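Here is the structure we will look at.
No lab work stands behind these numbers, since they all come straight from the coordinates. Treat the numbers as computed from the prediction; the structure is a model and nothing was measured. So basically every Cβ, Gly included, is an ideal-geometry build from the backbone, and we count neighbours across all protein chains shown.
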Amino acid sequence: MRKIAAQYLFTGHDFISYPIISVSQEGEIIAIEVGILPNKEIADVEFYNGILCPGFVNAHCHLELSHLRNKIAPHTGITGFVKQIIEKRSASLDEVSVAIQAADREMFNNGIVAVGDISNGLDTVHVKSISSIYYHTFVEVFSRDTKPDNQVFSTAFDLLNEFKHADVVPHASYSVSNKLFDALKDYFSEYEDRLYSIHNQESAAENAFFSSSDGELYSFINKGKSANDMKFSANSAIEFLMQYLPVKNNKILIHNTFISHSDIQTLERNFGADTLYFCLCPNSNLFIENVIPPLDLLRSSAFPICIGTDSLASNYTLSVLDELKALSAAFPHVPLKELLTWATYNGAKALKVDSLFGEVTVGRKPGLILLENVDLNSLRLNNSTGVRRVI
Ligand SMILES: [Zn+2]
């Protein structure tokens, strides 16, 4: 058994000063004692400078796009980004699998213990089966009436069976046909414990798609079709989505960069606070659109926030800490306690793994990580703040 101490423990909810945490060989928290004296050397206790914290939960990633690191030009907007992905996605099996293994290792070293990962294919099955990280795979479907919907659905279910923990989910409001959305809603209504995720309002063009049946995303998706085939009368992507979002399932809305107050009110009128999560991936938003989500608006909503890294196609690292640093730099008034709750407990709740991860509690194996070079007087992150695994 190890005894681990530091200036602070963040439990998943609160800070505790000068804890000693007893941990078994298997990583199970055996006891948490508080109140040891600063820097006092106690036999058999490992003392760390910084904040101990449960392992991070990365609620949104695309591990299978890891080979696109440094290959996509930034700041091209969502249409430019999607075009580049289509153009550059194909690569040799070797290149793809080496990049996936390295990305899994990178996340582990960055203190990530659980990941919600989007998959369109089977490239990540092997790494997920041997990784120390817990993966929940979201097998993603998209189809704008190009293939029969039952074919899209059955292909997705074939993939789903290859992963240990997985669900079938839609890609985004603009890339899924009404019939496919209906089929997904039926499925989720039948299985209320299944997790739902969808990319939401990542660009202004996504709202224009529905509010004016216009804009660059609209033209890109509907090229070759007559405008009358694809007319919408919703004021925003959320207004359009309301008819399709399942009521009781956990819903993870990813990005929300262009969500409005009125959209949030609509969601609050229709869904319980414990069934919907805003997943923020700020570094990806800065990479693609050069914008940051409206954090104070989202913080004032009834719904919890969690954190994702998105993929290495639109990010320079797979680090939850780097996402927190981006939010903290843009919104310095947000307390560290709140940021860390998003990165740990809320992410675990969103992925329904809160009985395993997200809290340092006796009897759990949440992973234990150390945040170093934090300003411990003001409890603030700064550019040199780093993370490493303690267990
Ligand atoms: Zn994504």
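Descriptive notes on the structure:
- Cα gyration tensor shape for the chain, rounded if a/c is under 1.5, else prolate or oblate: prolate
- Residue-averaged 222 nm ellipticity for the chain, from DSSP H runs of 4+ at -39500 (n - 2.57), nearest 500: -8500 deg cm²/dmol
- Couplings for segment 368-374, taken from phi via the Karplus curve 6.51 cos²θ - 1.76 cosθ + 1.60 with θ = phi - 60°, read 9, 10, 10, 8, 10, 6, 8 Hz in order; Gly and Pro are left as x.
- Among 113-121, 325-333, 365-373, sorting by the average number of other beta carbon atoms lying within 10 angstrom of each residue, highest first, gives 113-121, 365-373, 325-333.
- When you restrict to C-alpha pairs under 8 Å that are six or more residues apart and normalise by the size of segment 70-226, the relative contact order lands at 18 percent.
- The order of the peptides 66-79, 14-27, 192-205, 47-60 by mean Cβ neighbours within 10 Å, most packed first, is 47-60, 192-205, 66-79, 14-27.
- Considering only 360, 76, 255, and ranking their Cα positions along the charge dipole of the chain that arises from unit charges at the beta-carbon of Lys, Arg, Asp and Glu, the one farthest toward the positive end is 76.
- Shape category assigned to segment 72-191 from the gyration tensor of Cα positions, a/c cut at 1.5: oblate
- Total charge dipole magnitude, segment 56-350, about the Cα centre, Cβ charges on Lys, Arg, Asp, Glu only, Debye to nearest 20: 200
- Amide H contacts for residue 119 (H built 1.01 Å from N in the peptide plane; partners 5 or more residues away or on another chain; cut-off under 5 Å): 138, 139, 140.
- Rounded to 10°, Cα long-axis angle of helix 178-190 versus longest principal axis of the chain: 40
- Take every pair of alpha-carbon atoms less than 8 Å apart whose residues are at least six positions apart; their mean separation over the length of segment 56-350 yields a relative contact order of 23 percent.
- Amide H to amide H, with H built 1.01 Å from N, residue 56 comes under 5 Å of 112, 113, counting only residues 5 or more places away or on other chains.
- Annotation: the residues 292, 100, 130, 307, sorted from fewest to most other C-beta atoms within 10 Å of their own C-beta, follow the order 130, 292, 100, 307.
- Cα-based reach from residue 164 at 18 Å (exclusive), listing lysines while leaving out same-chain residues under 8 positions away: 128, 352
- Hz values of 3J(HN,Hα) by residue in segment 330-347 - Karplus curve (6.51, -1.76, 1.60), Gly and Pro given as x: 7, 10, x, 7, 6, x, 4, 4, 5, 4, 5, 4, 4, 7, 10, 4, 5, x
- Cross-link partners of residue 248 among aspartates and glutamates (Cα-Cα below 17 Å; sequence separation of 8 or more within a chain): 167, 182, 186, 190, 192, 193, 268, 274
- Packing order of peptides 236-244, 258-266, highest average first: 236-244, 258-266 (average count of other Cβ atoms within 10 Å over each peptide's residues).
- Remark: 64, 87 ranked as 87, 64, counting other beta-carbon atoms within 10 Å and listing the fewest first.
- Once backbone amide H atoms are built at 1.01 Å from N, residue 5 has 21, 46, 47, 48 as its partners under 5 Å, excluding neighbours fewer than 5 places away on the same chain.
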